[in-house]
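> Could you have a look at this structure, given as structure tokens, before my questions?
Throughout, read-outs are computed from the coordinates displayed, never taken from laboratory work. Note that the coordinates shown come from a computational prediction; the quantities given were computed from them, not determined experimentally. Ideal geometry is used to build each Cβ from the backbone, glycine not excepted, and the neighbour counts take in all protein chains shown.
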Amino acid sequence: MKAVLLVGGLGTRLRPLTYRIPKPLVPVMGKPLIMHAVDSLPDEVDEVIIPVGYKKEAMQDYLEKNRPKRKITLVDEPEPLGTGGAVKNVEEYIDGPFMVLNGDMISSLDLNGFLRFHREKGGIASISLWQVEDPSPFGVALLDEDNRITRFQEKPKREDAFSDWINAGAYALEYEVLDHIGEGFVSMEREVFPKLLDHGMYGLKFDGHWIDCGTRENLLGAFNILMGTTGSVSPEAVTEGAVINHPVVVEKGAVIAGATIGPDSYISERAVVGPLSDVQGSVIYCDARIGSKSKIRGSIIDEGVTIPDGAEIVSKIISHVTEE
Ligand code: GDD
Ligand code: MG
């Protein structure tokens, strides 16, 4: 079975981090977002097709250096074709029922169970559903008692939202779905899903965790979810006088030199946090150096960045690459 991974967005809300690397390569707990998606796929998926435009070389480079076990095929998408158009564009690689995943989420959905659900229901399409308080920034689905979707609307106004179950970005699709996608720019959610309702579209509700990592707050949230309630600290990374407020992860080769870390912080390999600095709710990527007496809150410090002594950084993403 083939799976199509949708990662074509520009990641504008994670700039300047996404000036340096495309969103799919942004590491979450030491692993790029796309590999979280790839590793969650059922065993029967033998090839992952990724339509790419923005920063294709960086993706190629990553795959060559890391050689994932699953076959991954990058396909050119020179102009963004939308979530439906991107799938239609790789039609020649698809040979039967297939899966599609939005590549920017961290999710506990069991995709083996999801495929079983799709087969049992026997519809043309199944989508995963997650419950939220405010469904307006998402695609919203209404279900009948057999879990068949009777209405779907992308990003309704809050007062028009007819359900609080939203599209969580994992689809199991029959090959015929491709016949319902036109040429050119097509939105899967706005144009294709509404047409599939009459052909049997089902929704699988799940719980556990789910987060779309497209913003600074949500990317930090993804680290928190995966860190759990304690985290882990590489013992040789911590020097005398350091204070660790769990949950915190400190990777090997990092140095916490008499600084206060946590809660909810992730310090990557070889990053250094200087004396009397205080890092809360933040992610420090590899080789970054935080000077002494600095305060970092709710922020993401990119690879190799140096933060001077006495700095105060609140709710920011800092990278050494600052433009396209
Ligand atoms: N190849 C390609 N081409 N991929 C694209 C394109 C495109 O033109 N546009 C978006 N994508 C990718 C994005 O990179 C992302 O991984 C995924 O498709 C979804 O697009 P987003 O731009 O992140 O959409 P969204 O988050 O506003 O809404 C989507 O996800 C929600 C859940 O997070 C929709 O599917 C909603 O219905 C859903 O609730
Ligand atoms: Mg998104």
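> So, in nm, how far is label Ser108 from label Phe185 when the simple model puts each one 7 Å beyond its Cα toward the Cβ?
Result: 3.8 nm between the two label points.
> Give me the compactness ratio for the range 229-318, meaning the Cα radius of gyration over 2.2 N^0.38 Å.
0.90
> Could you pull out every residue, at least 5 positions away or on a different chain, whose amide H is within less than 5 Å of the one on Lys205? Hs are placed 1.01 Å off N in the peptide plane, and Pro or chain starts have none.
Leu129
> Given a 10 angstrom Cα cut-off, can you work out which residue in Gly298, Gly82, Gly228 is the most mobile in a GNM of the chain?
Residue with maximal mean-square fluctuation among Gly298, Gly82, Gly228: Gly228.
> Scan the range 102-201 for trypsin sites (Lys or Arg not before Pro) in coil per DSSP, keeping those whose Cβ has at most 16 other Cβ atoms within 10 Å, and list them by number.
Passing both the DSSP loop test and the Cβ count: Lys157.
> Could you work out how much longer the chain between Glu44 and Thr215 gets when fully extended? Use 0.36 nm per residue separation minus the Cα distance between them, nm to one decimal. Present the calculation step by step, with values, prior to reporting the outcome.
Values: separation 171, 0.36 × 171 = 61.56 nm, distance 3.19 nm.
Working it through step by step, the gained length comes to 58.4 nm.
> May I pose another question? Can you put Tyr171, Tyr54, Tyr202 in order of Cβ neighbours within 10 angstrom, beginning with the fewest?
Tyr54, Tyr202, Tyr171
> Continuing with this model, one more query. Provide Asp207, Asp302, Asp61 in ascending order of the number of other Cβ atoms located within 10 Å of each residue's Cβ, fewest first.
The fewest-first ordering by Cβ neighbours comes to Asp207, Asp61, Asp302.
> For the range 155-200, which GluC sites (Glu not before Pro) are both in a DSSP coil and crowded by at most 14 other Cβ atoms within 10 Å? If you can, show how the numbers build up before the last one.
Values: sites: Glu159, Glu174, Glu176, Glu183, Glu189, Glu191; in loops: Glu174, Glu183.
Here the sparse-neighbourhood loop sites are Glu183.
> Non-local amide H neighbours of Lys316 (under 5 Å, H modeled in plane, Pro and chain starts lacking H): which ones?
Ser299, Ile300
> Per residue of the range 315-324, what does 6.51 cos²θ - 1.76 cosθ + 1.60 with θ = phi - 60° give for ³J(HN,Hα)? Whole Hz please, x for Gly and Pro, Karplus curve as stated.
Here the 3J(HN,Hα) series is 6, 9, 10, 10, 9, 7, 9, 10, 8, 3 Hz.
> Of the trypsin sites (Lys or Arg not before Pro) in the range 61-92, which ones lie in a loop per DSSP and count no more than 11 other C-beta atoms within 10 Å?
Working: sites: Lys65, Lys69, Arg70, Lys71, Lys88; in loops: Lys69, Arg70.
When the trypsin sites (Lys or Arg not before Pro) of the range 61-92 are filtered for loop state and at most 11 Cβ neighbours within 10 Å, Lys69 remain.
> Moving on. Given N residues in the range 53-210, what is its alpha carbon radius of gyration divided by 2.2 N^0.38 Å?
Here the answer is 1.07, to two decimals.
> To continue, here is another question. At a Cα cut-off below 29 Å, give the lysines reachable from Lys55, other chains included and same-chain residues fewer than 8 away excluded.
Lys2, Lys23, Lys31, Lys65, Lys69, Lys71, Lys88, Lys155, Lys316
> Here's another thing I want to ask about it. Per the helix-only calculation at 222 nm, which mean residue ellipticity applies to the chain, given -39500 (n - 2.57) for every DSSP H run of n ≥ 4 and division by its residues, nearest 500 deg cm²/dmol?
Rounded to the nearest 500, it is -5000 deg cm²/dmol.
> Explain nothing, just the number: relative contact order of the range 2-216, from Cα pairs under 8 Å at least 6 residues apart, as a whole percent.
Working: 423 pairs, mean separation 55.8, N = 215.
With pairs under 8 Å counted, the relative contact order is 26 percent.
> Right, next: Counting only residues 5 or more places away or on other chains, whose amide H sits under 5 Å from the amide H of Val238 once H atoms are built in the peptide plane?
Ile256
> If you add up the charges near Gly200, with Lys and Arg at +1 and Asp and Glu at -1, over every other residue whose beta carbon is less than 13 angstrom from its beta carbon, what do you get?
Numbers: positive: Arg119, Lys121, Arg148, Lys195; negative: Glu120, Asp144, Asp146, Glu174, Glu176, Asp198.
Cβ neighbours under 13 Å give a net charge of -2.
> So, one more: Only counting other Cβ atoms within 10 Å, I'd like Leu14, Leu226, Leu74 sorted with the fewest neighbours first.
The most exposed by this proxy come first: Leu74, Leu226, Leu14.
> What is the distance, in nm, between label points placed 7 Å from the Cα along the Cα-to-Cβ direction at Lys31 and at Thr73?
Going from the Lys31 label point to the Thr73 one covers 2.5 nm.
> Relative to the Cα centre, what is the charge dipole magnitude of the chain, using +1 at the beta carbon of each Lys and Arg, -1 at the beta carbon of each Asp and Glu, and rounding to the nearest 20 debye?
800
> Further question on the same structure: Using a ≥ b ≥ c from the Cα gyration tensor of the chain (square roots of the eigenvalues), is it rounded, prolate or oblate, where a/c under 1.5 gives rounded and otherwise the larger of a/b and b/c decides, a/b for prolate?
Taking the square roots of the gyration eigenvalues as a ≥ b ≥ c, the chain is prolate.
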